[in-house]
Amino acid sequence: MNFSFELNNRTRYSYEAYRLKIDDLLGAGKTTGENHSEAMLGYTNMNVTRMNRLDKRAKLGESLQQILTDAPVQKWLVLTEAWCGDAAQNLPWIVKMAEKNENISLELILRDENLDIMDAYLTKGGRSIPKLIAIGENNEVLFDWGPRPEAVQSLYTDLKAAGKEYGEISKELHTWYAKDKGKAIQEEFSSLLSA
């Protein structure tokens with residue numbers, strides 16, 4: 001399948017530019033998207049803390065590093081938003097992976113400004129993020145990934161089916177991420193890049 005969307009007219013960010021945009025928005029009492037409620041600002045502030053921590057501590061395993069070194073030319077396009085906890089937990093790992101190979105370029109776009117792309121890559125009918133689309137040299141989609149590792153996606157699905165409140169679900173997911181320490185995302189990308 002080819003990636004059929006034109007990107008030239010869209011705002012795309014490097015990870016550094018994305019982080020600066022979040023800082024600028026927070027300084028103005030805002031976040032990405034249209035909802036600038038106290039809750040969304042709180043999520044965004046927490047996510048800045050999460051990304052800062054993971055930017056410093058995330059370390060890729062040696063086997064994944066080798067797989068990344070051998071990866072062919074590709075662009076990783078990631079749909080994200082500043083208020084999304086799963087994006088904050090996964091983006092730093094994705095950035096570290098892309099940095100291991102100059103053949104992998106990474107661009108971030110905001111979900112709510114790119115719903116046409118988002119709607120082509122739904123998760124069980126939902127606009128769940130982050131969503132990474134790997135695009136090859138000939139504009140072919142190599143794979144897509146997201147919004148979270150499969151194990152935590154299963155946990156999310158089970159908690160939601162059990163009727164848990166958002167706050168409780170969020171707490172359990174972030175506890176899972178803390179215990180996993182990036183193992184699951186690295187295993188999944190090892191498989192995707194080796195396929």
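Tabulated results
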| quantity | calculated |
| --- | --- |
| Bridge type composition, the chain - antiparallel percent by DSSP, nearest 5 | 65 percent |
| Mean ellipticity per residue at 222 nm, deg cm²/dmol - from DSSP H runs of n ≥ 4 across the chain, formula -39500 (n - 2.57) | -16500 deg cm²/dmol |
| J(HN,Hα) series, segment 24-30, from Karplus relation 6.51 cos²θ - 1.76 cosθ + 1.60, nearest Hz, glycine and proline x | 5, 5, 4, x, 9, x, 10 |
| Other-chain or far-sequence residues with amide H under 5 Å of Leu106's (modelled H) | Trp76 |
| Heavy-atom accessible area per residue - the chain, 1.4 Å, Å² | 52 Å² |
| Within the accessible area of the chain (1.4 Å probe), percent carbon and sulfur | 48 percent |
| DSSP beta bridges in segment 64-127 [antiparallel fraction, %, rounded to 5] | 10 percent |
| Hz values of 3J(HN,Hα) by residue in segment 92-106 - Karplus curve (6.51, -1.76, 1.60), Gly and Pro given as x | x, 5, 4, 4, 4, 5, 4, 5, 6, 8, 5, 6, 9, 9, 10 |
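The values are calculated or read from the model by the stated rules, or taken from the named source; none is laboratory data. Being a predicted model, the structure only gives us computed values, none of them experimental. Heavy atoms of the whole protein, side chains included, go into the accessibility calculation; ligands, DNA and RNA do not. Shrake-Rupley method; radii C 1.70, N 1.55, O 1.52, S 1.80 Å.
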